[in-house]
Amino acid sequence: MSNKVNSYGWKALMGSAVGYAMDGFDLLILGFMLSAISVDLALSPAQAGSLVTWTLIGAVAGGIVFGALSDKYGRVRVLTWTILLFAVFTGLCAFAQGYWDLLIYRTIAGIGLGGEFGIGMALAAEAWPARHRAKASSYVALGWQVGVLAAALLTPLFLPVIGWRGMFLVGIFPAFVAWFLRARLHEPEVFVKKQTVTDKPKSSPFKLLVKDKATAKVSLGVVVLTSVQNFGYYGIMIWLPNFLSKQLGFSLTKSGVWTAVTIFGMMAGIWIFGRLADKIGRKPSFLLFQAGAVISIIVYSQLTHPTVMLFAGAALGAFVNGMMGGYGALMSEAYPTEARATAQNVLFNLGRAVGGFGPIVVGAVVSAYSFQIAIGFLAAIYLLDMVATLFLIPELKGKALD
């Protein structure tokens, strides 16, 4: 493959990034709309919360199933299925009459969402040359942040005017954009070549994740990395605004400025990580950002000046979330074509499942001890991340995909 990114590479990247933006946009608007939905449909707080929980459960299930299907039937084809499933059931949410039908629609829409991350990452990695692969995976990861940002900006404008039912219809729009982009894509060359050269794989793609000791070691390392990633992200994003307002009496969080600045920091971190990983390698980049996360979390917990904390929040976001720019490239290079999307979806979703306990664990530490101890604990998990990177993760920069 040439070192130059061709037009197919850019189209594949756009289709993948828009799909992942749809994922971030959908989950955030749901959070914004819960109180309005609860009033209209007379939901209890537990029922409202379960709409988010079951969307995520659907996403984990969808990720695992669609990842394996795309390794068998093709990236573009299966991504189109996930988009259509998401679009139809998100549209149906707008017509929900009560809790149970809305719960069913949300769960199935979540199944559609689930395939986006892994299949999109595999598609972009296969469509881009080796020397730019981490950049490609960082651009796909940026899609999520763009979706989150769009939801944060658009929901306050549209929700009072069109209501939650109208917002679900707006949620279909990114799906149409992604479907339009994907309708103009063919399967990546490396995937087509694998399908024509070999018979259907004898092992299931799930078995290929632990096919031998070396592969099992890498899979364990990736699960540790993605678990810490999700644990740290949710632990910090859920609890730091609370820390700022309760412990330090800041009104900053109420205006959302802190969150916006932190998200921009995260976006900058992802963008920088992609470039760095292509330049100096995957392992050194992960270790650098993990060390940065440890230091920035500890430093941040000692600050008290609002302006300093605002800018420090951007640096914290960059280190804590910047590593999202590298997982797609790392997993694409570590696994063969017939298990690539499965690896992306299964290993990342395992990490997401572990990381989902982040807010609960941090909350428990806060209740039993203090915010400072909880923040120290968050810093410590990134030390675990460094150990896993050093001993379990291979350096695969420049590797040709097989």
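The values are calculated or read from the model by the stated rules, or taken from the named source; none is laboratory data. Just so we're clear, the structure is a prediction, and the values are computed from it rather than from any experiment. Note that we place each Cβ from the backbone using ideal geometry, even for glycine, and neighbour counts take in every protein chain shown. Side chains are part of the model used for accessible areas, which takes the heavy atoms of the whole protein and leaves out ligands, DNA and RNA. Shrake-Rupley method; radii C 1.70, N 1.55, O 1.52, S 1.80 Å.
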Give the residues of the stretch 119-136 that are farther than 10 Å from residue 277 by Cα and crowded, with 24+ Cβ neighbours inside 10 Å, sorted by residue number. 119, 120, 121, 122, 123, 124, 125, 126, 127, 128, 136
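For the stretch 91-101, indicate whether the set of residues that are of a type in the set (S, T, N, Q) and either within 16 Å of the chain's Cα centre (by Cα) or at pLDDT below 90 (or both) is non-empty. Before you say what the answer is, go through the steps one by one.
Initial filter on the stretch 91-101 (of a type in the set (S, T, N, Q)): 97.
If we keep only those that are either within 16 Å of the chain's Cα centre (by Cα) or at pLDDT below 90 (or both) as well, we get none.
No, because not a single residue in the stretch 91-101 is of a type in the set (S, T, N, Q) and either within 16 Å of the chain's Cα centre (by Cα) or at pLDDT below 90 (or both).
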Taking the stated definitions as given, is residue 363 assigned to a helix (DSSP H, G or I) and either under 17 Å from the mean Cα position of the chain (by Cα) or under 28 Å from residue 72 (Cβ atoms) (or both)? no
Cβ-Cβ under 6 Å pairs, at least 6 apart or on other chains, the stretch 209-234 side closer than 10 Å to residue 385 by Cβ and at pLDDT 90 or above, far side acidic (Asp, Glu) and assigned to a helix (DSSP H, G or I): 228/385
Of (1) touching a helix residue (DSSP H, G or I) at 6+ places or on another chain (Cβ under 7 Å); (2) of a type outside the set (A, V, I, L, M); (3) modelled with pLDDT of 90 or more, residue 10 satisfies every one except (1)
Output the qualifying pairs, or none if there are none: Cβ atoms under 9 angstrom, residues six or more apart or on different chains, first residue in the stretch 176-204 and more than 21 Å from residue 128 (Cα to Cα) and modelled with pLDDT under 80, second residue open to solvent by less than 50 Å² (accessible area, probe 1.4 Å) and not in a helix (DSSP H, G or I). 201/336
Of the residues 311, 264, which single one is surrounded by fewer than 16 Cβ atoms within 10 Å (Cβ to Cβ), modelled with pLDDT of 80 or more, assigned to a helix (DSSP H, G or I) and aromatic (Phe, Trp, Tyr)? 311
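Every residue, every condition in (1) open to solvent by 10 Å² or more (accessible area, probe 1.4 Å); (2) in a helix (DSSP H, G or I); (3) within 21 Å of residue 388 (Cα to Cα), yes or no:
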| site | (1), (2), (3) |
| --- | --- |
| 275 | yes, yes, no |
| 300 | no, yes, no |
| 327 | no, yes, yes |
| 331 | no, yes, yes |
| 348 | no, yes, yes |
What single numbered condition from (1) small (Gly, Ala, Ser); (2) more than 14 Å from residue 23 (Cα to Cα); (3) in contact (Cβ under 8 Å) with a residue 24 or more places away in the chain fails to hold for residue 58? (2)
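Check 276, 287, 330, 347 and return the single one that is farther than 28 Å from residue 53 by Cα, under 16 Å from the mean Cα position of the chain (by Cα) and modelled with pLDDT of 90 or more. Don't jump to the end; show me each part of the working.
Details: 276 fails: under 16 Å from the mean Cα position of the chain (by Cα); 287 fails: under 16 Å from the mean Cα position of the chain (by Cα); 347 fails: farther than 28 Å from residue 53 by Cα.
Unique residue meeting the criteria: 330.
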Please count how many residues of the stretch 366-396 are outside any helix (DSSP H, G or I), open to solvent by 30 Å² or more (accessible area, probe 1.4 Å) and at pLDDT 90 or above. 2
Please go through the stretch 95-106 and pick out each residue that is touching a helix residue (DSSP H, G or I) at 6+ places or on another chain (Cβ under 9 Å) and farther than 16 Å from residue 25 by Cα. 95, 96, 97, 98, 99, 101, 102, 103, 104, 105
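With 170, 161, 146, 140 as the choices, which residue is of a type in the set (A, V, I, L, M) and buried (at least 24 other Cβ atoms within 10 Å of the Cβ)? Break it down stepwise before answering.
Details: 170 fails: buried (at least 24 other Cβ atoms within 10 Å of the Cβ); 161 fails: buried (at least 24 other Cβ atoms within 10 Å of the Cβ); 146 fails: buried (at least 24 other Cβ atoms within 10 Å of the Cβ).
That would be 140, the only listed residue that is of a type in the set (A, V, I, L, M) and buried (at least 24 other Cβ atoms within 10 Å of the Cβ).
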Give me the pairs: first residue in the stretch 8-34 and at negative phi and open to solvent by 10 Å² or more (accessible area, probe 1.4 Å), second residue assigned to a helix (DSSP H, G or I) and of a type in the set (S, T, N, Q), beta-carbon distance under 6 Å, and six or more apart or on different chains, which are they? 32/155
